[in-house]
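Structure first, commentary second.
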Amino acid sequence: MTADVVKGMVATRFATAVNIGLVVIVGVWHLGMDTLHVLRGWPVYEPQAAAAGSWLALTVIQTIGSVLLLRSVLSARTARSLAAAALVTGVVATATYPVGETIGDVSWAGNIVGWFGVLLLIQRPLWELITLLGANMAVTVGFLAADGALDQATVSHLLAMAYTTAGIQLTFAYLARQLNAAAREATEIAAGQAEYLARATADETVHAERRRRYEYLRIRVEPLLSGLAERQLDPADPVVRQRAAVEAARLRRLFAETDDTPHPLLHELRACADVAERRGVRVTLLSYGDLPDLPASVRRELGEGALLVLSTAVTRARVTVVATPEEVVVSVVADAPPETLVKSPGPLTVSALYDQEENQLWWENRWPVRPAP
Amino acid sequence: MVGKPMACTSGSLTVAIIDDHPVVIEGIQTWLSEEPRISVVHTGEAVDVEPGVADVLILDLNLHGKLVIGDIATLAAAGQRVIAFSQFTEQRVVLESLEAGACEFVAKNEGRAHLVNTVLAAAGDRPYVTPTAAGVLVGDRGASRPKLSSQERTALLWWFQSMSKASVARRMGVSVHTVDVYIRRARVKYAQVGRTAPTKADMLARAIEDGLVKPDDITGYESAVVGVG
């Protein structure tokens, strides 16, 4: 699911880049080139109001289209309507040219209507743009025919112009589409790889966790049980009893590990417990509440304090983790010497006290999930 | 799997034990036999008992590979006091047992004293919170969790951590009795949430009678309060 989101984001970002490029090209073309054209040919347009009006109308269409496109809210219907409006405005603008100047120095509308098509129909199937460009070309041909100017020279001029305007526009639209498709494909492949990697890592973690538990059974519990069964170990011997108590505590702890991919903090604490158990300390480890993601430094600090107390515990230790919506509290109560009391290496609230009456060290470390107001 | 009715031996407080491991049943019997007020009247390996089989029913949550939390709800609805006794100490299991109407949850590794105390408390409809249950309650993030005071939360948390009310009392700077009141009050608040059950109503009614909570503190159990008389 996350991979899909990432995939979507990358592809969307890429399409946005293409769209911004397009908006800039069309903006520079219309507001720069067209404006210069219209100003330069201003005296010859007839009526001038229609020329100015069509320039203004195209500016409005361009603004609306650009904003909608960049906001990704340009619907198919709006895109088509705006393209059609641009085409009609182009007809009006062309009508103001002097006779014989349909594809001359003062003509400006044909080319920009094509670019408007690219801008507005970028998210539509390519045939819609081809239709618009065809209609736009038909308008030019129609005006040339009406002027009676369709001689051989004009036709070759027209073909050259079609090649440099509609041809470029179509190529641009085609390439943008290809780039978008390539981006989508690339992000799909990358997301697929990331997903595969994540799954493989998770599988590996699960496998390692299980192997750790089986390994433990083989090395520690099996010899103890077979020793008892074969009467090599005496159940009355205090040493054997202590060993059995430690192993029983550890087995209970392993039974409680129902999560195959434990939270990193629990993973660290379990490792600490393992070390202590190897020294013959009976360790209980309990965790309640859903642990949030912890910054690595916080996790290290919580883990290190617990490790310190566990490493000095003589026979028993109780490690508890409680996650409430407000804080994460890690505590170790153990028969460790009072000298273990040390200052916190970091900014967390550590309180440790030695309980004389119970002869035990009670260490607690709190991390506020939400910073105190 | 047929349960064995037993001759009432000594105490006036009757207990039934259901567990699929005979060694556990015998272990519990040995633990309880040291308490003269208690007598075990029934043992069995399946939840085929009638409500009212004993004052308190100690029920292993996992019988032949199946969780029997649903049976707790049925028994509690019929007014049977049930103590959930299990090696499974996941938060979900503990909370669901209490929600179903179990008087208490006792983890199998918590030892004799906690089980005996729980039985004695449950028989009088009084709360007793084991350290395991305290950890579960203080770490509960459920939407329907009751609002606990900061002392109640601290007492639960430290009871879970240290397993010594004397230690908690020294650390909080209050008496052991006060620590116990905080812990029991927190537990009683849990009897007010979720589905209603006679066992929960009885606990609330007794808590009011004992002055542990005031009737005004109770939100959803007016009918139970009226019944106290």
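Probe radius 1.4 Å, ligands and nucleic acids ignored: give me the carbon and sulfur share of the accessible area of the protein assembly as shown as a rounded percent.
Answer for the protein assembly as shown: carbon and sulfur cover 60 percent of the accessible area.
What does the helix-only formula give at 222 nm for chain A: each DSSP H stretch with n ≥ 4 adding -39500 (n - 2.57), the total divided by the residues, and the result rounded to the nearest 500 deg cm²/dmol?
Helices in chain A give a 222 nm mean residue ellipticity of -21500 deg cm²/dmol.
Averaging sequence separations of C-alpha pairs under 8 Å and six or more residues apart, then dividing by the length of the stretch B:1-124, give the relative contact order as a whole percent.
Taking the mean separation of contacting Cα pairs over the length of the stretch B:1-124, I get 23 percent.
Please report the net charge: other residues with Cβ closer than 11 Å to the Cβ of B:F85, K and R +1, D and E -1.
Neighbour charge sum, excluding B:F85 itself: -3.
Please give the calculated 222 nm ellipticity per residue for chain B, where each DSSP H segment of at least 4 residues contributes -39500 (n - 2.57) and the sum is spread over every residue; nearest 500 deg cm²/dmol?
So the helix-based figure for chain B works out to -14000 deg cm²/dmol.
From the C-alpha gyration tensor of the stretch A:137-294, pull out the three semi-axes of the equivalent ellipsoid (sqrt of 5λ each), sorted largest to smallest, in whole Å.
Semi-axis lengths for the stretch A:137-294 are 82, 14, 9 Å.
Could you pull out every one of the aspartates and glutamates with an alpha carbon less than 19 Å from that of B:K165, ignoring same-chain neighbours closer than 8 positions?
Leaving aside aspartates and glutamates fewer than 8 places away in the same chain, those within reach of B:K165 are A:D335, A:D355, A:E357, A:E358, A:E364, B:E104, B:E110, B:E152, B:D180.
For the stretch A:294-306, what does the Karplus curve 6.51 cos²θ - 1.76 cosθ + 1.60, with θ = phi - 60°, yield as ³J(HN,Hα) per residue in whole Hz, taken in order and with x for Gly and Pro?
Result, ordered by residue: 10, x, 4, 5, 5, 4, 5, 5, 4, x, 5, x, 4 Hz.
Between exposed GluC sites (Glu not before Pro) in chain A, where DSSP calls loop and at most 11 other Cβ atoms lie within 10 Å, what's the longest gap?
Longest stretch, sites excluded: A:1-229.
Based on DSSP loop calls and a cut-off of at most 16 other Cβ atoms within 10 Å, the longest stretch of chain B free of exposed trypsin sites (Lys or Arg not before Pro) is what?
Counting only loop sites that pass the neighbour cut-off, the longest clear stretch is B:38-140.
Quick one: of the DSSP bridges fully inside chain A, what percent are antiparallel, nearest 5?
75
Using only Cα atoms, what is the ratio of the radius of gyration of the stretch A:259-368 to 2.2 N^0.38 Å?
In units of the 2.2 N^0.38 Å rule of thumb, it is 1.00.
I want the antiparallel fraction of DSSP beta bridges within the stretch B:1-124, as a percent rounded to 5.
15
With the Cα gyration tensor of the stretch B:1-124 in hand, give its eigenvalues times 5 under a square root as the equivalent ellipsoid semi-axes, listed largest first in whole angstrom.
Taking √(5λ) for each eigenvalue gives 20, 15, 14 Å, largest first.
By what distance, in whole Å, do the Cα atoms of chain A stretch along each of the three principal axes, largest value first?
Ordered largest first, chain A gives principal extents of 120, 49, 27 Å.
Give the relative contact order (percent, whole number) for chain B; include only Cα pairs under 8 Å separated by 6+ residues.
15
Any idea what Rg and Dmax come out to for chain B if you just take the C-alpha atoms, in Å?
16.8, 52
Using just the C-alpha positions of the stretch B:85-144 as equal point scatterers, what log10 of I(q)/I(0) does the Debye formula give at each q in 0.21, 0.24, 0.28 1/Å?
Result of the Debye calculation: -0.78, -1.00, -1.29.
Total Å² of accessible surface buried at the B-A contact, 1.4 Å probe, nearest 100?
2200
Relative contact order of chain A: what whole-number percent is it, with Cα pairs under 8 angstrom and at least 6 residues apart?
11
P(r) of the stretch B:128-229 in 10 Å steps, Cα pairs, percent per bin?
Going out from 0 Å in 10 Å bins, the stretch B:128-229 shows 16, 46, 30, 7 percent.
The values are calculated or read from the model by the stated rules, or taken from the named source; none is laboratory data. No experiment lies behind these values; they were computed from the predicted model shown. Note that each Cβ is placed from the backbone with ideal geometry, even for glycine, and that neighbours are counted across all protein chains shown. The accessibility values were calculated without ligands, DNA or RNA, using every heavy atom of the protein model including side chains. Shrake-Rupley method; radii C 1.70, N 1.55, O 1.52, S 1.80 Å.
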